[in-house]
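Engineer: Handing you a structure now.
The values are calculated or read from the model by the stated rules, or taken from the named source; none is laboratory data. It should be emphasised that the depicted structure is a prediction, and the values quoted were computed from it without experimental measurement. Every residue, glycine as well, gets a Cβ built from its backbone with ideal geometry; the counts of neighbours run over all protein chains shown.
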Amino acid sequence: MLATARAMVAELGVEKVTMDGLAERSGLGKGTVYRRFGTRAGIFHALLDEDEHAFQEQVPSGPPPLGPGAAPVDRLIAYGRARPAHLAGHLAIVRASLDRNQPVPAGAAATLTRMHIRMLLGLARPGVADLDSLAMQLTAALEGPVMLYLSAPQPATTPPPEQADRLGDSWQALIERVCRS
């Protein structure tokens, strides 16, 4: 079903992918699609989940500075630049995955982000006693504005890649200040 959904997105665009259309193209009953995804947003959430796994795999095994081999502060900065760029690169799917009837999701991606930030803060030793709280706040600073931007009903006037660069610049300034010895 996911391969069919991805093919439909490529062919028709996100706005024309429906639960009924996916069922028909997959050769499955509507009930099967509804049980698997729950809602139309669930289709896109599942597609995004696949892409998210690929992004998260770069963190422990990709090239530096995002992956191992760079200084902790450099890795924090790289992550804060890569995360919004990744989401902006999947903008249509990210927006379609948001269920407007639910609060802005934190989800597994935010949990992985928080754990990664916490680990790098431990290595960077920013001189803060409670690194868990700092990691939570930095995760909110990174994920919160991105999700709010992406969930806005009207497209922003700034193109997604440029917006991601601006968010990356702000993230870098924040990390450099927090980790200043």
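Engineer: I'd like to know if the stretch 150-167 contains one or more residues that are farther than 17 Å from His90 by Cβ, part of a helix (DSSP H, G or I) and either modelled with pLDDT of 75 or more or in the same structural domain as Leu87 (by TED's automatic domain parsing) (or both).
Structural biologist: yes
Engineer: From the list Ile77, Ile93, exactly one residue is buried (at least 19 other Cβ atoms within 10 Å of the Cβ), closer than 23 Å to Ala141 by Cα and either modelled with pLDDT under 95 or not assigned by TED's automatic domain parsing to the domain that holds Gly122 (or both). Which is it?
Structural biologist: Sole residue among the options that is buried (at least 19 other Cβ atoms within 10 Å of the Cβ), closer than 23 Å to Ala141 by Cα and either modelled with pLDDT under 95 or not assigned by TED's automatic domain parsing to the domain that holds Gly122 (or both): Ile93.
Engineer: Turning to a different aspect of this structure: Working only within the stretch 7-31, note down all residues that are closer than 17 Å to Leu91 by Cβ and touching a helix residue (DSSP H, G or I) at 6+ places or on another chain (Cβ under 6 Å).
Structural biologist: Val14, Val17
Engineer: For the stretch 1-18, what are the residues that are surrounded by 14 or more Cβ atoms within 10 Å (Cβ to Cβ) and part of a helix (DSSP H, G or I)?
Structural biologist: Within the stretch 1-18, Leu2, Thr4, Ala5, Arg6, Met8, Val9, Val14 qualify.
Engineer: Now a separate question. Which one of these is surrounded by 14 or more Cβ atoms within 10 Å (Cβ to Cβ), touching a Ser or Thr at 6+ places or on another chain (Cβ under 9 Å) and under 30 Å from Arg125 (Cβ atoms): Gly67, Gly42?
Structural biologist: Step by step, each of Gly67, Gly42 is checked, and only Gly67 is surrounded by 14 or more Cβ atoms within 10 Å (Cβ to Cβ), touching a Ser or Thr at 6+ places or on another chain (Cβ under 9 Å) and under 30 Å from Arg125 (Cβ atoms).
Engineer: Does Glu52 satisfy being surrounded by fewer than 17 Cβ atoms within 10 Å (Cβ to Cβ) and charged (D, E, K, R)?
Structural biologist: no
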